[in-house]
Each structure stands twice: as structure tokens, then as C-alpha cells.
Amino acid sequence: MALFFDAAWFNAQLAAGGLTAHDLARHLALSPEEVALMWKDQREVSASEVLAMARLFNATPEEVARRAGVSTPIPKTGGEANAQILAALSAIEGRLQRLERGLADLKAMIAAGWRKE
């Protein structure tokens, strides 16, 4: 659970953009009830939600995370995030290659078995 959610700051950000909590819920793909729980410190704000609100409010992710509560994760941006994405893609590519080799081996074994009959 987040501590010290700054509802006044978030309300001011919404008002400055001419937005409502319902607009924010739609922007975050949440229900209005989930947004209301955030405002009452009864629901954590995820890193992706921090990033989405930062973009919506034209604020930094650090500012949004700080205003959302001390336990709210700050999303990685820029080079650090890109490096993590590239590492994950590389791992997925390696796994896919192993699966494709295994599938080719299985196909060869099945084809060899069918020929014996």
C-alpha cells in the first residue's frame, strides 16, 4: 500500500488539464473505483501507471512516483530501459532458436519413424 498519496496534487494536475478522475481511469485502463482506491491509499500505483500519468500531466515519473507514495516504483526510462529490453529480446531470441531446433529434430525423428513402417 502506498504511503502519503498526495491527492491534492493529483487533483490539481487533473484540473490543470481539464480532466476528471473518470478521464484518468480511461487513460490508465482502470475502473473509476480503482482510481478512487489510489486516491485513498488503498491501491498501489504501478510503474506503468506512473509513466502514463507522468506523460498525461507533463511531469517527470519521479515526481509522480513521489506524489503517489514512497513505495511506488519509478519506471526506468531511456538507455537503462532500452538495455533491459534488448537483453530480454536477446534471451527470447535464444530460446526461440532452441525451440525451433528441437521442433526440427522432432520432425526429423517422426519422418524417420514413418519411413520405417
Being charged (D, E, K, R) and either at pLDDT 90 or above or on the phi > 0 side of the Ramachandran plot (or both), is that true of even one residue in region 80-91? no
Taking only pairs six or more apart or across chains, which ones have beta-carbon atoms under 6 Å, a first residue in region 15-32 that is assigned to a helix (DSSP H, G or I), and a second residue that is of a type in the set (A, V, I, L, M, F, W, C)? Ala21/Val35; Leu24/Val35; Ala25/Val35; His27/Leu56; Leu28/Ala52; Pro32/Ala25
Only residues that are at positive phi and either at pLDDT 95 or above or within 17 Å of the chain's Cα centre (by Cα) (or both): list them for region 3-51, please. Gly18, Ala29
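The values are calculated or read from the model by the stated rules, or taken from the named source; none is laboratory data. Just so it is clear, the structure is predicted and the values come from calculations on it, not from any experiment. All Cβ positions, glycine included, derive from the backbone under ideal geometry; neighbour counts span all protein chains shown.
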